[in-house]
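Following: one structure in structure tokens, then a few remarks.
The values are calculated or read from the model by the stated rules, or taken from the named source; none is laboratory data. Because the structure is predicted, anything quoted here is derived from the model rather than measured. Quick reminder, even Gly has a Cβ in these numbers, built from the backbone with ideal geometry, and neighbours come from all protein chains shown. To get the accessible areas, we keep the full protein, side chains included, count just its heavy atoms, and leave off ligands, DNA and RNA. Shrake-Rupley method; radii C 1.70, N 1.55, O 1.52, S 1.80 Å.
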Amino acid sequence: MGRTVVVLGGGISGLAASYHLSRGPKPLKVVLVEGSERLGGWIRSVRGPGGAVFELGPRGIRPAGALGARTLLMVASLAMDSLCRGVFAGNSRELSVRSCFPSLFQAEQTHRSVLLGLLLGAGQSSQPDSALIRQARAERWSQWSLRGGLEMLPQALNHHLTSSGVTVLRGQPVCGLSLQTEGHWKVSLGDSCLEADHVISALPASVLSKLLPAEAAPLARVLSTITAVSVAVVNLQYRGARLPVQGFGHLVPSSEDPAILGIVYDSVAFPEQDGSPPGLRVTVMLGGSWLQTLEARGTGLSQELLQQQAQEAAATQLGLKGPPSHCLVHLHRNCIPQYTLGHWKKLESATHFLAANGLPLTLAGASYAGVAVNDCIESGRQAAARALGLELDG
């Protein structure tokens, strides 16, 4: 066995990094460390009455583009049965177009106009290919999920990792990182520790900043400034109801309702997950300045308050007046990283510090270059390639 690589964080980014490490050309000992008892991070699927599937986090993955194709390629390799068919939760005035929407930024840089750039394209790159990717293109999938919910993906990755000899540690929160004289890492896990030749951190940037040793204080300061906001997710199901409109869902301007970010029409996107007998499923997302203000005041964010806000939004915006037959309420604290103005400069600073000091540490996850599932999976792939010393393809 060659070097030891420790991956911190068992969300989709850490799982993807471990997956690509396990398939690399060089023999490695790979250890994935997750602080909680479950894997998958914000991806979580719950079964409701009649077998209906309720997504508490991400609920669909887009197959378009190189990133979407790479995700489908990974799914195909896991032999999974795929079922086909708002982006940022913070203050849009504080967000960076370059960091949040790199395709828009590249289009503007290439053609001096966002609209013209999107029409002409910002350049084509080769994409992976497989039978599943060709099926998605032929059937014009707009997004896809899995029959038992999106959480089947991290579950399948976990099965692949354990079958491939990767050590998966759950319920082991990292307490600290320290550099040894030989240039190796010591990863402290409470009563035990791990030795690593390289560490891939898929933890939130602000969490990692508190774990770094004194030698990495400049890096810690940069990472501590990458903050995140909370989002409340309220899943509602209505028996015998119909939507007055079709589509994936709708966003709500803050000027119209400061509490509601948008409503997702789950039954339109994935009717196969409606259960038996089927019931109309929608998900109301709450957040923005309304939620931030309540959190700052220390006001109790009760499930009753969040459910009330969600039901009122469903009633006024979609005409769903009656009480739901099923309701789930979850508050996800600090779940959406905020790419504020100058975010790309923070990433440049972090990358420069790691290279200049030769630290065997690679950053991955939603804190850096995209919050969508495809982005997180890609960040894990790129982190694994860097840890393996491989050239990154397009």
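What order do 73, 347 take when sorted by accessible area (1.4 Å probe), most exposed first?
73, 347
Could you provide, to the nearest whole Å², the per residue accessible area of segment 4-65 with probe 1.4 Å?
Value for segment 4-65: 34 Å² per residue.
What is the antiparallel percent of DSSP beta bridges lying wholly in the chain, to the nearest 5?
70 percent
Could you please put 297, 44, 59 in sequence from largest to smallest accessible area, using a 1.4 Å probe?
Details: 297 175, 44 100, 59 15 Å².
Sorted descending by solvent-accessible area, the residues read 297, 44, 59.
Using a probe radius of 1.4 Å on heavy atoms only, what accessible surface per residue do you get for segment 228-337? Whole Å² is fine.
Working: 5090 Å² over 110 residues.
The answer is 46 Å² per residue.
Could you give log10 I(q)/I(0) at q = 0.11, 0.12, 0.20, 0.23 Å⁻¹ for segment 228-337, computed by the Debye formula over C-alpha point scatterers of equal weight, without solvent?
These q points yield log10 I(q)/I(0) values of -0.34, -0.40, -1.04, -1.31.
Could you size up the charge dipole of the chain around its Cα centre, putting +1 on the beta carbon of Lys and Arg and -1 on that of Asp and Glu, and report it in debye to the nearest 20?
Value, rounded to 20: 300 debye.
Based on the Cα atoms of segment 4-43, what semi-axes does the equivalent ellipsoid have, where each is the square root of 5 times one gyration tensor eigenvalue, given in whole Å with the largest first? The partial results should precede the final answer.
Numbers: eigenvalues 77, 22, 6 Å².
That gives 20, 11, 6 Å for the three semi-axes.
So for 349, 13, 276, what's the accessible-area order with a 1.4 Å probe, most first?
Details: 349 55, 13 10, 276 90 Å².
From most accessible down to least: 276, 349, 13.
Solvent-accessible area of residue 193, probe 1.4 Å, all protein chains present, reported in Å² to the nearest ten, please.
70 Å²
For segment 338-394, how big is the tail of P(r) above 15 Å, as a whole percent of Cα pairs?
Working: 877 of 1596 pairs.
I get 55 percent for the Cα pairs in segment 338-394 exceeding 15 Å.
Considering only protein heavy atoms, what is the solvent-accessible area of residue 178 at a probe of 1.4 Å, reported in Å² to the nearest 10?
Roll a 1.4 Å probe over it and residue 178 shows about 40 Å².
On the first, second and third principal axes, largest extent first, how far apart are the outermost C-alpha atoms of the chain in Å?
Sorted largest first, the three principal extents are 66, 52, 51 Å.
Do the sum for the chain: with -39,500 (n - 2.57) for every DSSP H run of n ≥ 4, divided by all residues, what is the mean residue ellipticity at 222 nm, to the nearest 500 deg cm²/dmol?
-10500 deg cm²/dmol
State the percentage of accessible surface on the chain attributable to carbon and sulfur atoms; use a 1.4 Å probe and exclude ligands, DNA and RNA.
52 percent
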